[in-house]
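Asks: Below is a structure I'd like to ask you about.
The values are calculated or read from the model by the stated rules, or taken from the named source; none is laboratory data. Since the structure is predicted, the reported quantities are computational estimates derived from the model, not experimental observations. Here the Cβ positions follow ideal geometry from the backbone for every residue, glycine too, while neighbour counts run over all protein chains shown. Areas reflect the complete protein model, heavy atoms only, side chains present, ligands, DNA and RNA absent. Shrake-Rupley method; radii C 1.70, N 1.55, O 1.52, S 1.80 Å.
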Amino acid sequence: MIYIHIPFCKQKCSYCNFHFSTSFSLKDEMMLAIKNEIKLRKNELNHKTIRSLYFGGGTPSILTVDEIKSVMDEIQKYFSFDEAIEITLESNPDDLSKNFLKELSQTDVNRLSIGTQSFFDEDLKLMNRAHNASEAESSIKRAQDFGLENISIDLIYGSPTSNFEIWKENLNKTIELQVPHVSSYALTVEPKTALKNWIENGKVTAPAEAEQNREFYYMSDFLKDNGYDHYEISNFGKPGFHSKHNSAYWKSEAYLGIGPSAHSYDGNSERSWNVTNNSIYIQNINQNILPKETEILSEKDRFNEMLMIGLRTSWGVDLDKIRQNFSSEIIDYLNKEIKNKIESGILKIENNRLLIPEKHWFLADGIASDLFMV
Ligand code: SF4
């Protein structure tokens, strides 16, 4: 699978610490550099048939459809697309105009991940999103009108401007709009963000964890009652609409990440990440230098990562894979560590897979890190 990072956004959302620039002055050079990087790294994936391509960011929907197509054309010079390839474009509601969607619907892009976040203006203002509540709704309907049915929306719960009733209405609206996939995250306060600054200066109340917990479990029950599978802590999909790209990532498959700040993984023990600076990225690529750092994961790193990612999913961690790929020291360690947690019901084993029962998913990251080998 291939991930393309488009490092531009129209404005900075108050809670976001991803890598992007709000100046588009380097956009043309960036698009050339991204295509050059694809060429430079054409031999890195063992599989030449791609099952998933994901445009993330940043905001890939600030690109023109021709720019998106030119990246796909470049990839197809070196890789072929599987018949059932999933090609996702992350997009913001304010970019999804009729013209854009009409042109996009004539390309190979077959999945939209829309940064809706909320259907309420108060929430969107606090988040400093570039769209309003009416665009949040109309963008989804417009995409569906152009035949783009495979839609995922992002929703944020636990905002200080929201409450339980508003959250329920957000979920009702999701069902009403017949969106087949939802990615939903609690509002978190990241370092170096406007939100953190406002909270420290007393301008905004910090998100309340107990309320987030309540909204998370309500969402889980509500979406499951409406036909969605809760297949990863933050992800819900109707059958046939689970994200292929993210599922492959959670199953520790190899991926190639192109663009500044993009990460790559060889599916075994090598991980790399590109520089998080647009100018430096472009300068290096123009000289045919890959601006990336590489690390070789130790056995402990691979074990910890497998737990961290696998225990967030409904399929859990494959114990046979652990037995085949890790030393007896790690296997003995795991058997010892999980014993008490299984007895207390925080973990369970089903079909030879280690899982966290869904009622404890809100605490999954803590449960997994308790099992880490240090
Ligand atoms: S649009 Fe997405 S990447 Fe850009 S600032 Fe907002 S949350 Fe961050």
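Asks: Can you send over the carbon and sulfur percentage of the accessible area for the chain, probe radius 1.4 Å, protein chains only?
Replies: The computed percentage sits at 46.
Asks: Pairs 224/321; 10/35; 27/196: which are spaced more than 26 Å apart, C-alpha to C-alpha?
Replies: The answer is 224/321; 27/196.
Asks: Of the candidates 170, 277, 99, which one comes out as most mobile in a Gaussian network treatment of the chain with C-alpha springs shorter than 10 Å?
Replies: Answer for the Gaussian network model of the chain: 99.
Asks: While we're here: Please say if the stretch 2-250 is rounded, prolate or oblate, where rounded means a/c under 1.5 for a ≥ b ≥ c the square roots of the C-alpha gyration tensor eigenvalues, and otherwise the choice is prolate for a/b larger than b/c and oblate otherwise? Walk me through the numbers before you get to the answer.
Replies: Working: a/c = 1.78, a/b = 1.40, b/c = 1.27.
The shape class here is prolate.
Asks: Within a Cβ distance under 11 Å of residue 265, other residues only, what is the Lys/Arg minus Asp/Glu net charge?
Replies: Within the 11 Å Cβ shell, the charges total -4.
Asks: Under a straight-distance cross-link criterion of Cα-Cα below 16 Å, which aspartates and glutamates are reachable from residue 336, leaving out those fewer than 8 residues away in the same chain?
Replies: 370
Asks: Which Cys residues of the chain have no other Cys Cβ less than 4.7 Å away and so no disulfide-compatible partner by this rule?
Replies: 9 - these cysteines have no disulfide-compatible partner (Cβ-Cβ under 4.7 Å) in the chain.
Asks: Given a Förster radius of 25 Å and the C-beta distance between residue 18 and residue 321 as r, what FRET efficiency does 1/(1 + (r/R0)^6) yield to the nearest 0.05?
Replies: 0.20
Asks: List the aspartates and glutamates whose Cα sits under 16 Å from the Cα of residue 42, skipping any in the same chain fewer than 8 residues away.
Replies: 73, 74, 266
Asks: Quick one: order 161, 49 from most to least accessible surface, probe 1.4 Å.
Replies: Sorted by accessible area, descending: 49, 161.
Asks: In whole Hz, with x marking every Gly and Pro, tabulate ³J(HN,Hα) for the stretch 190-203 from phi via Karplus 6.51 cos²θ - 1.76 cosθ + 1.60, θ = phi - 60°.
Replies: Listing the rounded values in order: 8, x, 6, 10, 4, 4, 4, 4, 4, 5, 5, 8, x, 7 Hz.
Asks: Moving to a separate point now. Taking H placed 1.01 Å from N in the peptide plane, check which residues at least 5 places from residue 258 or on another chain put their amide H under 5 Å from its amide H.
Replies: Residues meeting the criterion, in which the H sits 1.01 Å from N, are 3, 4, 5.
Asks: What trypsin sites (Lys or Arg not before Pro) does the stretch 195-274 have in DSSP loop regions with at most 12 other beta carbons within 10 Å?
Replies: 203
Asks: Find, among the trypsin sites (Lys or Arg not before Pro) in the stretch 36-68, those assigned to loop by DSSP (not H, G, I, E, B) with at most 15 other beta-carbon atoms within 10 angstrom.
Replies: Of the trypsin sites (Lys or Arg not before Pro), the ones in loops of the stretch 36-68 whose Cβ has at most 15 other Cβ atoms within 10 Å are 42, 48.
Asks: Further question on the same structure: Whole number in Å², please: accessible area per residue of the chain, 1.4 Å probe, ligands, DNA and RNA not counted.
Replies: For the chain, the solvent-accessible area averages 46 Å² per residue.
Asks: Enumerate the lysines that residue 102 could reach by cross-link, defined here as Cα to Cα under 20 Å, with residues fewer than 8 away along the same chain left out.
Replies: 69, 141
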